[in-house]
Amino acid sequence: MNDLDRDRTAPGPAPIDTLDSLREHLQWAIELEHATLPPYLCALYSLDAERNPDAVEVVGSVFAEEMLHLALAANLLNAVGGRPRLDTPGMLPPYPRRLPHSALELSLLPFGPEALEMFLRLERPAPPGAPPESEGYETIGQFYDAIERGLRHLCEKLGEREVFSGDPARQVSGTRFRHTAGMLFAVEDLESALGALEEIVEQGEGTSSGQVWDGDHDIFHPDRDEVAHYYRFEELKLGRRYRRGDSPKSGPTGEPISVNLAAVRPMRPDPRLSDHAPGSDVRTAQEEFNRTYRTLLSQLEQAFNGDPKLLGTAVGTMYGLKGQAAALMRLPDGDGTVAGPTFEYVPSEPRP
């Protein structure tokens with residue numbers, strides 16, 4: 001009995017053993033990577049960059065790499081003949097929400113201990129020997145392990161040419177994302193597909209050998225390797241950096257890293273449009289932000305569906321979002337809080 005046969009007889013989610021199932025799960029991967037963006041952006045927007053440079057560096061670099069992972073997931077889906085979808089209401093259910101097809105819960109929070117604990121749960125490495133999980137996954141790494149197993153099986157069953165049948169012109173590559181040493185590259189065969197999955201998982205939870213490093217060089221600190229997402233958030237929580245020789249067991253033993261919780265804008269958690277009357281200053285600003293975010297989703301979808309130059313345009317749209325969020329966080333929202341973005345989907349009618 002081979003591994004796939006054992007999967008069919010074992011309890012749990014069905015294995016990824018058809019091209020349609022593979023495409024479905026890669027669309028879920030796009031949805032997963034996107035779902036992390038609003039929480040990271042809220043934490044980043046709430047930080048005073050001058051008084052919290054270390055936290056801005058960490059959260060900003062993780063956000064940039066999640067954007068990279070989103071693009072790699074789109075390349076994977078395009079490579080196997082799928083069509084990435086981002087500009088849909090299903091991409092933006094109300095927060096708090098669950099990570100797609102998982103029990104992991106996400107909220108829109110200002111930076112602080114609660115946000116850090118959420119990010120640590122999100123980026124938690126899979127335990128040694130943890131099984132692949134194509135649905136109801138406990139860690140993101142286990143979900144991507146299930147996709148890797150499905151890819152390998154389908155290549156053995158159908159051949160690489162049949163699996164990687166997508167139009168190479170739809171690949172987005174050569175774009176360097178700021179604040180990360182990672183690269184966006186084309187996916188055209190099993191080798192490059194496995195490389196994309198490795199890049200996504202190792203940047204999140206560290207190398208497969210159980211190290212804190214993600215295999216890239218740290219662009220902010222030339223004297224050291226880059227720390228994976230989970231361990232970057234541990235550095236902020238514990239107030240100290242990892243250095244060579246450190247391990248997950250030892251924890252970080254390097255130089256101190258500072259977090260100034262007094263230099264955080266007190267954004268109201270999980271804001272909603274419905275919290276404010278139509279025409280009010282807060283709601284008007286939130287609606288403007290949501291229209292811009294919908295434009296961003298549209299640009300990303302077009303970039304991943306045959307118009308790759310729009311990826312650069314989307315980056316420009318993100319800078320516009322930053323200014324709108326800063327304006328929102330200057331508006332009081334009661335009980336000592338300030339307003340924040342709601343990330344609610346804008347229907348077609350009001351779209352510019």
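The values are calculated or read from the model by the stated rules, or taken from the named source; none is laboratory data. Quantities reported herein were computed from a predicted structural model and do not represent experimental measurements. So basically every Cβ, Gly included, is an ideal-geometry build from the backbone, and we count neighbours across all protein chains shown. For accessibility, only protein heavy atoms count, side chains too; no ligands or nucleic acids. Shrake-Rupley method; radii C 1.70, N 1.55, O 1.52, S 1.80 Å.
Select from region 234-285 the residues that are over 30 Å from Pro125 (Cβ atoms) and of a type in the set (D, E, K, R) and write down the one among them that is least open to solvent (accessible area, probe 1.4 Å).
Looking at residues that are over 30 Å from Pro125 (Cβ atoms) and of a type in the set (D, E, K, R), I get Arg283.
Is there a residue in region 338-346 that is aliphatic (A, V, I, L, M) and either without any contact (Cβ under 8 Å) to a residue 24 or more places away in the chain or within 22 Å of Ala43 (Cβ to Cβ) (or both)?
Going through region 338-346, the residues aliphatic (A, V, I, L, M) turn out to be 338-339, 346.
Next cut, either without any contact (Cβ under 8 Å) to a residue 24 or more places away in the chain or within 22 Å of Ala43 (Cβ to Cβ) (or both) only: 338-339.
The answer is yes; a qualifying residue exists.
From (1) part of a loop (DSSP other than H, G, I, E, B); (2) surrounded by fewer than 19 Cβ atoms within 10 Å (Cβ to Cβ), pick out the condition that doesn't hold for Ser21.
(1)
Only one residue in Pro100, Pro113 is over 20 Å from Ala193 (Cα atoms) and open to solvent by 60 Å² or more (accessible area, probe 1.4 Å), so which one is that?
When all the criteria are applied, what remains is Pro113.
Checking Gly204 against (1) out of contact with any strand residue (DSSP E or B) (no Cβ under 6 Å at 6 or more places or on another chain); (2) crowded, with 16+ Cβ neighbours inside 10 Å; (3) at pLDDT 90 or above; (4) within 23 Å of Pro110 (Cα to Cα), only one condition comes out false. Which one?
Status for Gly204: all satisfied but (3).
Looking only at region 180-201, how many residues end up being open to solvent by less than 40 Å² (accessible area, probe 1.4 Å), in contact with a helix residue (DSSP H, G or I) (Cβ under 8 Å, 6 or more places away or on another chain) and part of a loop (DSSP other than H, G, I, E, B)?
Selection size over region 180-201: 5.
What number of residues within region 286-310 satisfy the criterion of being free of Cβ contacts under 8 Å to residues at least 60 places away in the same chain, surrounded by fewer than 18 Cβ atoms within 10 Å (Cβ to Cβ) and over 22 Å from Val172 (Cβ atoms)?
Counting residues in region 286-310 that are free of Cβ contacts under 8 Å to residues at least 60 places away in the same chain, surrounded by fewer than 18 Cβ atoms within 10 Å (Cβ to Cβ) and over 22 Å from Val172 (Cβ atoms) gives 1.
Check region 69-85 and report whether any residue there is among the charged types (D, E, K, R), open to solvent by 10 Å² or more (accessible area, probe 1.4 Å) and under 30 Å from Glu160 (Cα atoms). Break it down stepwise before answering.
Start the filter on region 69-85 by keeping residues that are among the charged types (D, E, K, R), which leaves 83, 85.
Narrowing further to those that are open to solvent by 10 Å² or more (accessible area, probe 1.4 Å): 83, 85.
Remaining after also requiring under 30 Å from Glu160 (Cα atoms): 83, 85.
Scanning region 69-85, I find at least one residue that is among the charged types (D, E, K, R), open to solvent by 10 Å² or more (accessible area, probe 1.4 Å) and under 30 Å from Glu160 (Cα atoms), so the answer is yes.
Taking Leu77 and the conditions (1) in contact with an Asp or Glu (Cβ under 7 Å, 6 or more places away or on another chain); (2) modelled with pLDDT of 95 or more; (3) not in a loop (DSSP other than H, G, I, E, B); (4) not β-branched (Val, Ile, Thr), which numbered condition does it fall short on, given that it satisfies the others?
(1)
For region 91-121, give me each residue that is in contact with a Pro (Cβ under 9 Å, 6 or more places away or on another chain) and part of a helix (DSSP H, G or I).
Glu114, Ala115, Met118, Phe119
Tell me which of these Glu123 doesn't satisfy, since it passes every other one: (1) farther than 26 Å from Arg149 by Cα; (2) in contact with a His (Cβ under 6 Å, 6 or more places away or on another chain); (3) among the acidic types (Asp, Glu).
Of (1) farther than 26 Å from Arg149 by Cα; (2) in contact with a His (Cβ under 6 Å, 6 or more places away or on another chain); (3) among the acidic types (Asp, Glu), only one is false for Glu123: (1).
Name the residues in region 75-90 that are more than 21 Å from Thr18 (Cβ to Cβ) and out of contact with any helix residue (DSSP H, G or I) (no Cβ under 6 Å at 6 or more places or on another chain), would you? Lay out the reasoning, then the answer.
Filtering region 75-90 for residues more than 21 Å from Thr18 (Cβ to Cβ) gives 86-90.
Across region 75-90, the qualifying residues are Thr88, Pro89, Gly90.
Could you give me the residue pairs with C-beta distances under 6 Å whose first residue belongs to region 151-170 and is in contact (Cβ under 8 Å) with a residue 12 or more places away in the chain and among the hydrophobic types (A, V, I, L, M, F, W, C), whose second residue is part of a loop (DSSP other than H, G, I, E, B) and open to solvent by 20 Å² or more (accessible area, probe 1.4 Å) wherever it lies, and which are 6+ apart or on separate chains?
The qualifying pairs are Phe164/Asp189.
Can you report the number of residues in region 122-166 which are closer than 26 Å to Ala35 by Cα, part of a loop (DSSP other than H, G, I, E, B) and open to solvent by less than 70 Å² (accessible area, probe 1.4 Å)?
Looking only at that region, the number is 10.
Given the criteria of a type outside the set (Val, Ile, Thr), outside any helix (DSSP H, G or I) and more than 15 Å from the chain's Cα centre (by Cα), does Ala169 qualify? So that I can check it myself, show each step before the final result.
Details: of a type outside the set (Val, Ile, Thr): yes; outside any helix (DSSP H, G or I): no; more than 15 Å from the chain's Cα centre (by Cα): yes.
Against the criterion (of a type outside the set (Val, Ile, Thr), outside any helix (DSSP H, G or I) and more than 15 Å from the chain's Cα centre (by Cα)), Ala169 does not qualify.
Taking the criterion of being open to solvent by 50 Å² or more (accessible area, probe 1.4 Å) and in contact with a strand residue (DSSP E or B) (Cβ under 7 Å, 6 or more places away or on another chain), would at least one residue in region 314-323 satisfy it?
Applying the first criterion (open to solvent by 50 Å² or more (accessible area, probe 1.4 Å)) to region 314-323 yields 315, 319, 322.
Keeping just the survivors that are in contact with a strand residue (DSSP E or B) (Cβ under 7 Å, 6 or more places away or on another chain) gives none.
Checking region 314-323: not a single residue is open to solvent by 50 Å² or more (accessible area, probe 1.4 Å) and in contact with a strand residue (DSSP E or B) (Cβ under 7 Å, 6 or more places away or on another chain).
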